[in-house]
1. So G317 ticks every box in (1) out of contact with any Pro (no Cβ under 8 Å at 6 or more places or on another chain); (2) over 30 Å from R400 (Cβ atoms); (3) without any contact (Cβ under 8 Å) to a residue 60 or more places away in the chain but one. Which box is left unticked?
2. How many of the residues making up the range 79-90 are in a loop (DSSP other than H, G, I, E, B) and in contact (Cβ under 8 Å) with a residue 40 or more places away in the chain?
3. Look at R407 and say whether it is closer than 18 Å to G358 by Cβ and not small (G, A, S).
4. Evaluate the range 436-446: report whether one residue or more is crowded, with 17+ Cβ neighbours inside 10 Å, closer than 25 Å to E69 by Cα and in contact with a strand residue (DSSP E or B) (Cβ under 8 Å, 6 or more places away or on another chain).
5. Within the range 127-149, can you find the residues that are outside any loop (DSSP other than H, G, I, E, B) and either farther than 20 Å from H430 by Cβ or aromatic (F, W, Y) (or both)?
6. Any idea which residue in the range 295-316 is nearest to A200 (Cα to Cα), counting only those that are in contact with a strand residue (DSSP E or B) (Cβ under 6 Å, 6 or more places away or on another chain) and not hydrophobic (A, V, I, L, M, F, W, C)?
7. Filter the range 361-376 for residues that are buried (at least 18 other Cβ atoms within 10 Å of the Cβ) and in contact with a Gly (Cβ under 7 Å, 6 or more places away or on another chain); which is farthest from R115 (Cα to Cα)?
8. A141 fails exactly one of the following numbered conditions: (1) of a type outside the set (D, E); (2) without any contact (Cβ under 8 Å) to a residue 12 or more places away in the chain; (3) touching a Ser or Thr at 6+ places or on another chain (Cβ under 7 Å). What is the number of that condition?
Amino acid sequence: MFDISWGRSFRNCAGVSRRDALKVGALAAGGLTTADLLRAESAAAEAGREIKRKSVICFWLDGGPTNHETWDPKPEAPTEYRGPFGAIPTSVPGIELCELFPRTAQVMDKLSVIRSLYHNNGDHFAAAHWMWTGFHGSSAARLEAMYPSIGSIISRTRGANQPGMPAFVAVPQAMTIGRRPGYQGSAFMGVAYNPFDVGADPNSRNFRVQNVNLPNGVTVDRTMDRQSLISGLDRFRRDTDAGGLMDGMDTFNQRAFDMITGERARKAFDINREDPRTRDKYGRTSTGQGALLARRLVESGVSFVTVHSGGWDNHSGIEAAMKRHSSYLDPAISSLVSDLDQRGMMDDVIVMVMGEFGRTPRVNGGAGRDHWGNSMSMLIGGGGLKSGVIVGESDDKGTRPIKRAVRPAHVLHTVYRQLGIDPGIAHINHAGRPIPILNDGEPINELL
């Protein structure tokens, strides 16, 4: 459930401790302040920008998924390349998936597959940065994020689709290669555009949103204390934060308070409102319930949701690993797509399934596959994109693209286009230089 409760005693004359005040204004571990988020939404509205009310749900397969055992099987390749599994037909003639994904195969008429994606980098950190930002920048030798993620760009450029909701949410948390928020963060744009971490497993029995807590023992129902809390925060801001983290809360603090206590947000995050049969269909797993929560969030006005799935760095034992991964990912993808379609939402929500790179075409001595950024595959669909399309082709062993090579920036261009965002818009980095949202690539015409 969406829980808002107090937690500790006041410790200064204004009646609010510094740590507790930051919890009121910061909706995520990365520091997403409601005041800054609302300020961004207000600026977009004042600029008169027309906003297409579309959303994105991204399954992030952290560690790097294999192509052969997911979306680009090679059933005719030699055994050492083909791997332990076969291919199955889908609802689209000519498109086959790995046999581990029978339910996803049934909804491929609602999705498309890119089989010629590449960035030629086998470094987890550099590869993840490529996929989330469209830029080369970070690496194992220089871990900090150099450019903002697509989720943060959407958060700053468009804000949420509905008032009272955050623009960018991570389920259960934003993470890339063990780093939070990793390359899903806002980089030089500032913490206001970092994702809001749900902070708890939506499949847990006592699930509640961990990062939205008010200090010191009062529940939402105590509405008589509302104005005194705001007044106390206002006084506190004036003499505690010389660095300006809480700048601007004078204008937006009332709306910020409404956001974290509002009925829309509380209902959206309360997954227990769902029919148990629907929850069963998605799968009683972190990824399955995360996908269901993502649907609830975009339905209520969140613009970008990432669903984190870890453990995909399978250098050994890929047969057992993929049986495990597919057991939760297959029902999660297929149920989400079917649900969006049945609710008439598929044209308004882009669904992506991707990781930082693929895996080596040849199975290694440990019966696993190693890092491979030279040939990758991903699923994408919805949001007005064409469905049932194969974009590109890899060679007969899956070593490299041989038709219609696609880079990460092409994928991001495509998403930005559907959301009405101009990739040429520039934001100022820490050095005072204007940095465009993307400086490479173009939309994937086959999907438009």
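1. So G317 meets the others, but not (2).
2. Initial filter on the range 79-90 (in a loop (DSSP other than H, G, I, E, B)): 83-86, 90.
Those left that are additionally in contact (Cβ under 8 Å) with a residue 40 or more places away in the chain: 83-85.
The total comes to 3.
3. Working: closer than 18 Å to G358 by Cβ: yes; not small (G, A, S): yes.
Considered against the rule, which asks whether it is closer than 18 Å to G358 by Cβ and not small (G, A, S), R407 comes out as yes.
4. Let us first name the residues in the range 436-446 that are crowded, with 17+ Cβ neighbours inside 10 Å, namely 437-438, 441, 443-444.
Filter once more, keeping what is closer than 25 Å to E69 by Cα: 444.
Of the ones still in play, those that are also in contact with a strand residue (DSSP E or B) (Cβ under 8 Å, 6 or more places away or on another chain) are 444.
The answer is yes; a qualifying residue exists.
5. The first filter runs over the range 127-149 and keeps only residues outside any loop (DSSP other than H, G, I, E, B), leaving 127-133, 139, 142.
Residues satisfying the conditions are A127, A128, W130, M131, W132.
6. Let us first name the residues in the range 295-316 that are in contact with a strand residue (DSSP E or B) (Cβ under 6 Å, 6 or more places away or on another chain), namely 297-298, 302-309, 312.
Those still in the list that are not hydrophobic (A, V, I, L, M, F, W, C) too: 303, 306, 308-309.
Working: S303: 20, T306: 14, H308: 12, S309: 13 Å.
In this case the residue turns out to be H308.
7. The residue in question is G368.
8. Going through the list (1) of a type outside the set (D, E); (2) without any contact (Cβ under 8 Å) to a residue 12 or more places away in the chain; (3) touching a Ser or Thr at 6+ places or on another chain (Cβ under 7 Å), A141 breaks only (3).
The values are calculated or read from the model by the stated rules, or taken from the named source; none is laboratory data. Small disclaimer: the values here were computed from a predicted structure and weren't measured. Methodologically, a virtual Cβ is constructed for each residue, glycine included, from the backbone with ideal geometry; neighbour enumeration extends over all protein chains shown.
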